[in-house]
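Following: one structure in structure tokens, then a few remarks.
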Amino acid sequence: DDVEEFDPVKFWGEENGEVETKMDAEAAEKLKEHYRYYLRDDMSVLELGAAEESYLPFKPARHVGVGLSEKLMAKNPSLSDTMVVDLNVVDEGRDVDNDDFRTLAKEPFDAIIMSNTINYLTNPREVLRSAWYLLKPGGTMIISWVAAGGRSAEFPDTQTKMWSKYNDDQHMWMTGSFFQFSAGEGWEQLLGFDISPETAKDAYASGPLAVLDQGKTNNMYVVQAVKGYQDDKIDPEDAEKSIRSLCWMLPSVESRDKNLVVPRLGRVYETTGKEEVRRAIERNIPLLPKVYEAIIKMDAFAFTFSMQAQLATDLLCDPLFKASEKQIIALKEGLGLRTPGEDFWGPVGESTAAVPVEDKISLLGYLVPRFDTGDDAMEEALQAFATGLKPTYAAIRAKCPKFVESDVQLLGSELLAYELLTPGRTTREEFAIWIEAMNEEDLSELLNIRKSYRRAAAEGLDAFVKAEEEKKARREAMIKKLEQQ
């Protein structure tokens, strides 16, 4: 038999639309005290999971309730406006999928509260992403729950399985992780509190004497965080910090990948002398998810996370990159994620087989943005590049018989790409004349210059990795110290 899918709107809004929340009075008083400390009556407050009682010690200047029961919210004297929204309907990786709910961002809130609701959310990451968008910078989100009682006692099967199988100590860590995985460093001052009444049971008691604890199961917990201030443009004096804040809310990009890409982008932004590259970085940061959606399927052993980050950086720094459909297809063909076309990526792949993988990444990052430029001359130049590789290699081999094949392909492909694919620089015929005029000494010098770039990049990467490892070690030491306290 088909199992009927649980409908929260029908269950809470219609079938049980008049069932009140029934929080323990002592736990409710503790929550009011907490609100009194962190909130003020002149604030605008958004309440997620709103019902007949908000447990606020005052009536806010503006108080919007978002819940499933219009009947219960109508009983709440604190609410100035209400909205029925199913918070479990989301645009995966982005936010709560409700346009009316999104419009609340036009007047962001000083604070967002959510009591006894986190345990019903099937997609907490997206809900907290929405909360981040709906808060003013510096605004606080406070999530609270009581260990027992309320609707969770009357309707235990409505809680998520993930929540049901953990204890409240684990719930604290879990809720903190929801903040972390929703907007990362976009949430600051992440704090957890046990605000249980004195009459509550000892949640950490164990052993045979634990059964003698006559306390009530009205333990009350809070996890909260503050929305950070996001830069609206890149600060040339601290580009990495600005770029990191601009990446907080990018969907579908792992924190690991952001931590690899952001320092690279920051380094390029601060060291480049080209204003068009800086403008490209500012414009292209929102395109990072599209890049990673394309390259995420690569084998992480053959094409490491660091390599992925370098390719993403090269693409975002290119003024011609726009992540158009044709450019993404070109990227996938260049990576072998799609069957390479016989007119370009097939022959280019065969002709650069001996090029070291790090240099292939640089070449790919240069070639992809030159697709779909709308310039017929660039289209012709791309074809000239693909067909000109073998003749160029032949000329280099003839002049430099001691070159190994990887050096021949590296030098030939990069010279050809730079000369032919720079608008107005060199035609194929002019390039042939130029390469013919070169001698072994000239080509050896160019190769040494090119390899020096790689060595400098490797040294820079080593320094970056060392600095990141030191930061990670300091972070872990701090966490361990906090746990011991």
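The values are calculated or read from the model by the stated rules, or taken from the named source; none is laboratory data. Just so it is clear, the model here is predicted, and its values are computed rather than measured. All Cβ positions, glycine included, derive from the backbone under ideal geometry; neighbour counts span all protein chains shown. SASA here: full protein model, heavy atoms, side chains in, ligands and nucleic acids out. Shrake-Rupley method; radii C 1.70, N 1.55, O 1.52, S 1.80 Å.
Checking Lys451 against (1) modelled with pLDDT under 90; (2) farther than 18 Å from Val357 by Cα; (3) part of a helix (DSSP H, G or I), which test does it fail? So the condition that Lys451 fails would be (2).
Residues checked against (1) more than 29 Å from Gly184 (Cα to Cα); (2) not in a loop (DSSP other than H, G, I, E, B):
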residue: Tyr37; (1), (2): no, yes
residue: Glu53; (1), (2): yes, no
residue: Leu56; (1), (2): no, no
residue: Leu104; (1), (2): no, yes
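Taking the criterion of being out of contact with any Lys or Arg (no Cβ under 7 Å at 6 or more places or on another chain) and of a type in the set (Ser, Thr, Tyr), the residues of region 313-348 that qualify are Ser324, Thr339. Filtered by the rule that a residue be open to solvent by 40 Å² or more (accessible area, probe 1.4 Å), under 19 Å from the mean Cα position of the chain (by Cα) and of a type outside the set (Asp, Glu), region 262-297 gives Arg283, Pro286, Lys290, Ile296, Lys297. Scanning region 229-241 for residues that are buried (at least 20 other Cβ atoms within 10 Å of the Cβ) and under 21 Å from Lys290 (Cβ atoms) yields one hit, Ile234. What's the number of the only condition in (1) assigned to a loop (DSSP other than H, G, I, E, B); (2) crowded, with 20+ Cβ neighbours inside 10 Å; (3) without any contact (Cβ under 8 Å) to a residue 40 or more places away in the chain that Met73 fails to meet? All conditions pass for Met73, except number (1). Please work out if Ser351 is in contact with a Lys or Arg (Cβ under 8 Å, 6 or more places away or on another chain), closer than 21 Å to Glu419 by Cβ and among the small types (Gly, Ala, Ser). The answer is yes for Ser351. Report, by residue number, each residue of region 401-426 that is outside any helix (DSSP H, G or I), more than 23 Å from Val357 (Cβ to Cβ) and touching a residue at least 12 places away in the same chain (Cβ under 8 Å). Hit for region 401-426 is Pro423, nothing else.
Among residues of region 42-58 that are more than 18 Å from Asn119 (Cβ to Cβ), those with a Cβ under 9 angstrom from a residue that is surrounded by 24 or more Cβ atoms within 10 Å (Cβ to Cβ) and aromatic (Phe, Trp, Tyr), sequence gap 6+ or separate chain, pair up as Met43/Phe109; Ser44/Phe109; Val45/Phe109; Leu46/Phe109. Of all residues in region 76-96, those satisfying the criterion of being assigned to a loop (DSSP other than H, G, I, E, B) and either touching a residue at least 12 places away in the same chain (Cβ under 8 Å) or over 18 Å from Arg129 (Cα atoms) (or both) are Asn76, Pro77, Ser78, Leu79, Ser80, Val85, Asp86, Leu87, Asn88, Glu92, Gly93, Arg94.
Scanning region 367-383 for residues that are out of contact with any helix residue (DSSP H, G or I) (no Cβ under 6 Å at 6 or more places or on another chain), more than 15 Å from Gly424 (Cα to Cα) and in contact (Cβ under 8 Å) with a residue 12 or more places away in the chain yields Leu367, Pro369, Gln383.
Any idea how many residues of region 113-131 are closer than 19 Å to Asp91 by Cβ, touching a strand residue (DSSP E or B) at 6+ places or on another chain (Cβ under 7 Å) and of a type outside the set (S, T, N, Q)? Summing the residues that are closer than 19 Å to Asp91 by Cβ, touching a strand residue (DSSP E or B) at 6+ places or on another chain (Cβ under 7 Å) and of a type outside the set (S, T, N, Q) in region 113-131 gives 4. Scanning region 112-138 for residues that are open to solvent by 70 Å² or more (accessible area, probe 1.4 Å) and under 16 Å from Gly49 (Cα atoms) turns up Thr122, Arg125. Within region 334-346, being open to solvent by less than 40 Å² (accessible area, probe 1.4 Å) and either farther than 30 Å from Gly266 by Cβ or not in a helix (DSSP H, G or I) (or both) holds for Gly341, Phe344, Trp345, Gly346. Filtering region 86-111 to residues that are crowded, with 19+ Cβ neighbours inside 10 Å and touching a strand residue (DSSP E or B) at 6+ places or on another chain (Cβ under 6 Å) leaves Leu87, Val90, Val96, Phe109, Asp110, Ala111.
Among the residues of region 330-354, the ones that are without any contact (Cβ under 8 Å) to a residue 12 or more places away in the chain and farther than 13 Å from Leu389 by Cα come to 5 in all.
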